[in-house]
1. Sort out which residues of region 1-14 are free of Cβ contacts under 8 Å to residues at least 60 places away in the same chain and within 15 Å of Arg60 (Cα to Cα), and write them in order of number.
Amino acid sequence: MTDQELTLLFEQHGIRPTANRIIVAKALAAGHCPMTMAELEDHIGSIDKSGIFRSLTLFREHHLVHTLEDSEGVRYELCHSHDHSVDNDMHMHFHCEQCGATICLEDLPIPEVALPEGYQMQSANFILKGICPQCQKRQH
């Protein structure tokens, strides 16, 4: 994503674009899959862990990122929704139990769940686990 595209996305989510925030968002966009804090630190290099964490916390509050947990821990993913009050970009993920990769299955939305009366869903974390195509090829 370009700086201009990110600035527009920040505006849609009510976030003031700063240099550090743009760097963190660019790293997430370039990752093409959800990233752990350690992966973000390695990818960015120019911002310390607390600076990255502050940006991610702000992004979560404004629904610019969502999180998921796999065997590596918490992963962060840039939302492509255009709403600062709701994450309408929820989708499934696949975690390979062999290589540890977690990928987005963007074409597979989270299935609707009929919650009991009085409950309101804020987010969903749906991860399918198994073996990815690359690891399957290596087995044969």
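Read-outs: derived from the displayed coordinates by stated rules, not from any lab. The shown structure was predicted, so the numbers you read here are calculated from the model rather than taken from an experiment. As a convention, Cβ positions derive from the backbone with ideal geometry for all residues, glycine included, and neighbour counts pool all protein chains shown.
1. Our first condition is that a residue be free of Cβ contacts under 8 Å to residues at least 60 places away in the same chain; within region 1-14, this holds for 1-8, 10-11.
Scanning region 1-14 gives Phe10, Glu11.
Table: residues versus (1) outside any helix (DSSP H, G or I); (2) farther than 22 Å from Glu11 by Cα; (3) in contact with a Phe, Trp or Tyr (Cβ under 7 Å, 6 or more places away or on another chain).
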residue	(1), (2), (3)
Val24	no, no, no
Cys33	yes, yes, no
Phe53	no, no, no
His95	yes, yes, no
Gln98	yes, yes, no
Leu105	yes, yes, yes
Leu115	yes, yes, no
Gln120	yes, yes, no
